[in-house]
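*Asks:* Here it is, the structure, as structure tokens.
Just so it is clear, none of the values below were taken in a lab; they were calculated from the coordinates. What you see is a predicted model, and the numbers here were worked out from it, not measured in a lab. Counting neighbours? That spans all protein chains shown, and the Cβs are built from the backbone with ideal geometry, glycine included.
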Amino acid sequence: MSEGTLAAPTAVDEHTISLTEFLNEARAWLEANCQPHTEDTSDDIDVQVFRNLSHEREEALIRAEAQWQQAKLAAGYVALDWAVEDGGRGLAAPYTSAFDRLEAEFGAQLSHELVLVTVKLIAPTLRRFARPEQRQVHMRDFLSATQLCCQLFSEPGAGSDLAALATRARRDGDGWVVTGQKVWSSGAQFADWGLLLARTAPEQPKHAGITAFLVPMDAPGVRVRPLRQLSGGSSFCEVFLDDVLLTDELRVGEPGQGWAVAMTTLGFERESSDGSAGIGGSWELVRELALRDGHGGDAVIRQGLAQVYTRTVMNSITAAADAVRRAEGEDLGATGSLRKLQWVRLLAEISDLVAEMLGAELTADSGRRATFAWRDHVLGAVGYSIAGGTDEVQRSIIAERLLGLPAERREDKSIPWNEVPR
Amino acid sequence: MTGVLAGRIARRVFAVPEEPGVREAVAQFAARDATHDTVRRIAESPSGFDRDSWQALAGELGAAGIGVPEECGGVGMGFAELAVVMEELGSTLLPSPLLASRVLAVEMLSRCAVPEVRPTLRALVAGDLIGTVAFGTSGRRWRPEDVGVSVRPAERAVVGVEPMGCLLDGEASYVLDGAIADVLVVVGVDGGSLTLCLVVGTEPGLSVRPMETIDLTRRQAKVRFERCRARMIARGASAVEIVGQVLDRAAIALAAEQVGGAQRCLDMAVAYAKQRVQFGRPIGTFQAVKHACADVLLELDAARWTVRAAARAVDHLPQEVPVLAPLVKAHCSQMYESAARACVQIHGGIGFTWEFSAQLYLKRALSSKALFGTPREHREALLNRLGLDSTQRGER
């Protein structure tokens, strides 16, 4: 053991609670404190993939989830595997996955994308890159969802090719001036902050000239415009930045380290426990539909039902296998790309089967319960072949990083960003 | 069992680690005794069987004793380890009666309470005898109506037939390794009762005719019984239960074999795509090729973990087997065929030749897809076992 080595913050000491004790306490606490939110007062089924709430209802949902996060934090059920000095409990990974599962049993897991992004993606990213003052203030605020933070990553000209982003941050005295446009920011209309990726060195190759910043969403020059998606709601926004002034204290990581910050955030997205749970329709609802409408005897429908069941079970089994492997320290690499495609496939198989069972009742409202409501699933599912990394990009990632197939020649990786045709 | 529950079950079975050393032992055996040349030679021989190869597999490696308790002459461990063996051998396509003898015959006999079968069982486990099972006539997913053998208990007066002796008449088809089997477990009908009988392969009343198969690495035969002497080893409800359990386990074992074969197909395709150059670059740089490989891995990886969970469920959560067995068989059959087709396709013209090995995998994929029932039939069975039988009528 070399001198001067700091003890690891997550070292387990003899006072660490056993997993069984922890689960018993957690279960009791959840039983006493959890009030699963019901967003929908209608008595129809909820198979939304993307939310379609009024601004007020969505704001109320976000507030309720933020309050729940604060209650959990006060009781010691947040960031269990973080060091105590960062706001965690220094417990090993199995405790986190066990609590997540318990919470899911109670239907109390976080569901709003803005809250999830703030707590599960941005807070841990800051933990990795932020300076001490930023950790003390922003990281803790985000971990507790006292302040909410959206991602300001993608742009109209930089979607799949995120590294090509053009929003510019120029040095202005000790601070920075930012001009550009972001798109597909979930929940930006409700966020207090945004984690921004901006170009600070256009003469560098694209990956090297990016820097990350925290942007107050109420700063002068920041304008948020919700986007309406084909499934009806407005989960995403455009964010326009016109000469927004930022102090250097708001920079996250070193100048030029922005791509590493971005990759870290996206890495947490891949790792986070099955965030797809509860989105869209389920095997149970599909089965109910088949039984209610007498499709259970149709041979073709039966094959589709078996396929949806099979896919549901396989997705669940692979998620469990991944959790075990991660807990044993295995690096799963780009396995998340496989799991995302598996989930997208399930959404599509459910869409096809439900369309077959409902016929025109899917596309025109007959007034009957659990018919037209399925359009939320069918229309919303279309978005997930694109969001979170398109199917095409995921397949290339799988082929290159999991199978080792050679990458395509890319013209733009090593030349200055400002010389790449756009 | 749905999503959350499947996850909970999976976590429980994955908490049990794989017995170390099995996979490596089989891989070492395969590197020496299941090379492509060996596989070709045995497959293209008249009988499709090599006794020295079987001796090495069953005798030295002890493959026929995996998952059999040591007190029954086996090497211990469980079905999970047998599935590992099937997977590793599946990647080589080594022709052997392991499926017929260990997965079918041994599983049948070990469930029969008749003490007289013990010596036969021990000999099968040791690999000294080769066994198989004759299920029925259609080769479709087995149902009692499929049985084509009638069983008559022999009268005491018939010379040379012991108590519990019987006579068989009829036929069975698609009998795996029927031509080389030393003993056969025959599913028959005695009046209205399903019956299991043990038949010695040299019985005069038994005639075996090999069926021509597209897959030369797994032979099948038609078996005819004419007043064939046999010993009854199970009857009625217990026979029905035994056949059901054995076929479920066989489905999982075969699914494991399919995972192994598909993995080899993907490995071959990827290796070729990295090295074959056209239009000035490796064809693996083309997205169509890249994405075809990714699509195979997508279904293969899900299959791999689901089969592992199913195999472990046999040992640790048997109540989940009736649902998991048809589920994995249907999925893995389609997955394997897709992988084999992709392997042929990615190899271009070479993939379509007799000489190149891709065709052997495609034929094993097609053949194993049909074996024990098609994916469509297994999905039907899955729904029935979930309580969704086809007579469901709704409020509408």
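*Asks:* In a solvent-free Debye calculation with one equal scatterer on each Cα, what is log10 I(q)/I(0) for the range A:221-355 at q = 0.15 Å⁻¹, listed in the order of the q values?
*Replies:* Cα-only, vacuum Debye calculation for the range A:221-355: -0.96.
*Asks:* I need the peptides B:80-86, A:327-333, A:309-315, B:262-268 ranked by packing, meaning the mean over residues of other C-beta atoms within 10 angstrom, with the highest value on top.
*Replies:* Ranked by mean Cβ neighbours within 10 Å, highest first: B:80-86, A:309-315, B:262-268, A:327-333.
*Asks:* Write down Rg/Rh for the range A:51-153, rounded to two decimals, with Rg from the C-alpha atoms and Rh from the Kirkwood relation over Cα pairs.
*Replies:* On the way: Rg = 13.7 Å, Rh = 14.2 Å.
That ratio equals 0.97.
*Asks:* Please state, rounded to one decimal and in Å, the Kirkwood hydrodynamic radius that chain A gives when every pair of distinct Cα atoms enters the mean of 1/r. Kindly include the intermediate steps, with their values, before the conclusion.
*Replies:* Working: mean 1/r = 0.0428 Å⁻¹.
For chain A, the Kirkwood estimate is 23.3 Å.
*Asks:* Now, a different point. Counting partner chain Cβ atoms within 10 Å of every residue's Cβ in B:5-18, what's the average?
*Replies:* For peptide B:5-18, the averaged partner shielding equals 5.
*Asks:* Starting with the fewest neighbours, write out B:PHE79, A:PHE106, A:PHE372 ranked by other beta-carbon atoms found within 10 Å of each beta-carbon.
*Replies:* Numbers: B:PHE79 25, A:PHE106 14, A:PHE372 17.
With the sparsest Cβ surroundings first, the list reads A:PHE106, A:PHE372, B:PHE79.
*Asks:* Which of the listed residues, A:GLY173, A:ILE350, A:PRO132, is farthest toward the dipole's positive end in chain A, when Lys, Arg count +1 and Asp, Glu count -1 at the beta-carbon?
*Replies:* A:GLY173
*Asks:* Related question: Give the long-range amide H neighbours of A:SER385: residues separated by 5 or more places, or on another chain, with amide H under 5 Å away, using H modelled in the peptide plane at 1.01 Å from N.
*Replies:* It is none; the list stays empty.
*Asks:* Counting other beta carbons within 10 Å of each residue's own, what order do A:TYR95, B:TYR336 fall into, fewest first? Write out the running numbers ahead of the final one.
*Replies:* Working: A:TYR95 21, B:TYR336 32.
With the sparsest Cβ surroundings first, the list reads A:TYR95, B:TYR336.
*Asks:* If you count, for every residue in B:270-278, the Cβ atoms of partner chains within 10 Å of its Cβ, what is the mean?
*Replies:* Details: counts 5, 1, 0, 5, 4, 0, 0, 0, 0.
For this peptide, the per-residue mean of nearby foreign Cβ atoms is 2.
*Asks:* Ok, one more. Report the semi-axes of the equivalent ellipsoid for the range A:292-422 in whole Å, largest first, where each axis is √(5λ) for an eigenvalue λ of the Cα gyration tensor.
*Replies:* The answer is 37, 22, 12 Å, longest axis first.
*Asks:* Follow-up question, since we're still on this one. Among B:LEU98, B:LEU300, B:VAL321, whose Cα sits farthest toward the positive end of the charge dipole of chain B (+1 at Cβ of Lys/Arg, -1 at Cβ of Asp/Glu, about the Cα centre)?
*Replies:* After comparing all options, I get B:LEU300.
*Asks:* Please turn the phi angles of the range A:232-249 into ³J(HN,Hα) values with the Karplus equation 6.51 cos²θ - 1.76 cosθ + 1.60 (θ = phi - 60°), one per residue in order, whole Hz, x for glycine and proline.
*Replies:* After applying 6.51 cos²θ - 1.76 cosθ + 1.60, I find x, x, 10, 6, 10, 9, 8, 10, 9, 10, 10, 6, 7, 8, 10, 6, 5, 5 Hz.
*Asks:* At 7 Å along Cα-to-Cβ for each site, give me the label-to-label distance between A:ASP298 and B:THR213 in nm.
*Replies:* 3.9 nm
*Asks:* While we're on this one: Please enumerate, by chain and number, the aspartates and glutamates with C-alpha under 18 Å from the C-alpha of A:LYS182, excluding those fewer than 8 residues away in the same chain.
*Replies:* Here the aspartates and glutamates satisfying the reach criterion relative to A:LYS182 are A:GLU113, A:GLU155, A:ASP161, A:ASP192, A:ASP218, A:GLU238, A:ASP242, A:ASP243.
*Asks:* Report the antiparallel proportion of the DSSP beta bridges in chain A as a percent, rounded to a multiple of 5.
*Replies:* The antiparallel proportion sits near 85 percent.
*Asks:* Here is a further query. Give the Kirkwood hydrodynamic radius (Å, one decimal) of chain B, defined as one over the mean of 1/r across all pairs of different Cα atoms.
*Replies:* About 21.8 Å, per the Kirkwood formula over Cα pairs.
*Asks:* What is the mean number of Cβ atoms from other protein chains located within 10 Å of the Cβ atom of each residue in peptide B:325-334, rounded to a whole number?
*Replies:* Mean inter-chain Cβ contacts per residue within 10 Å come to 2.
*Asks:* If you take the C-alpha gyration tensor of the range B:174-268, multiply each eigenvalue by 5 and take the square root, what semi-axes do you get, largest first, in whole Å? The partial results should precede the final answer.
*Replies:* Details: eigenvalues 172, 76, 16 Å².
Each semi-axis is √(5λ); the values are 29, 19, 9 Å.
*Asks:* What do you get for Rg/Rh over the range B:171-329 if you use C-alpha atoms and the Kirkwood form of Rh?
*Replies:* 1.14
*Asks:* Another question, then. When the C-alpha atoms of the protein assembly as shown are aligned to their principal axes, what extent does each axis show, in angstrom, from largest down?
*Replies:* Principal extents (largest minus smallest coordinate, Cα): 109, 63, 62 Å.
*Asks:* Calculate for the protein assembly as shown the 222 nm mean residue ellipticity that helices alone would give, adding -39,500 (n - 2.57) per DSSP H run of length 4 or more and normalising by residue count, nearest 500 deg cm²/dmol.
*Replies:* Result for the protein assembly as shown: -13500 deg cm²/dmol, rounded to the nearest 500.
*Asks:* Could you tell me which of the pairs A:LYS72/A:LYS206; A:LYS120/B:LYS274; B:LYS222/B:LYS329 are separated by over 30 angstrom between their Cα atoms in the structure shown?
*Replies:* Going by Cα-Cα distance, A:LYS72/A:LYS206; A:LYS120/B:LYS274 fall outside the 30 Å limit.
*Asks:* Which three lengths, in whole Å and largest first, does the range B:269-365 cover when its Cα atoms are put on their principal axes?
*Replies:* Here the Cα extents, ordered largest to smallest, are 55, 27, 16 Å.
*Asks:* Based on the Cβ-Cβ distance of B:MET164 and B:HIS36, what FRET efficiency does E = 1/(1 + (r/R0)^6) give at R0 = 45 Å, to the nearest 0.05? Display every interim value, and only then the final one.
*Replies:* Details: r = 47 Å, r/R0 = 1.04.
About 0.45, to the nearest 0.05.
*Asks:* While we're on this one: Restricting to Cα atoms and excluding each atom paired with itself, what does the Kirkwood estimate give for the range A:351-395 in Å?
*Replies:* 11.6 Å
*Asks:* Size of the dipole of the range B:232-378 about the Cα centre, Lys and Arg at +1 and Asp and Glu at -1 on the beta carbon, nothing else charged, in debye to 20?
*Replies:* Details: 16 positive and 12 negative charges, 78 e Å.
About 380 debye.
*Asks:* Follow-up. Just for the Cα atoms in the range B:27-149, what are the lengths along the principal axes, largest first, rounded to whole Å?
*Replies:* Ordered largest first, the range B:27-149 gives principal extents of 41, 37, 24 Å.
*Asks:* Kindly point out which whole DSSP H helices in chain A project their C-alpha atoms 27 angstrom or further along the helix axis while averaging a Kyte-Doolittle hydropathy of -1.0 or above.
*Replies:* Long hydrophobic helices here: A:55-75, A:299-327, A:335-358.
*Asks:* Okay, moving on. Which one of B:GLY236, B:GLY260, B:GLY201 has the biggest mean-square fluctuation once chain B is modelled by GNM with Cα springs under 10 Å?
*Replies:* Highest fluctuation of the listed residues: B:GLY236.
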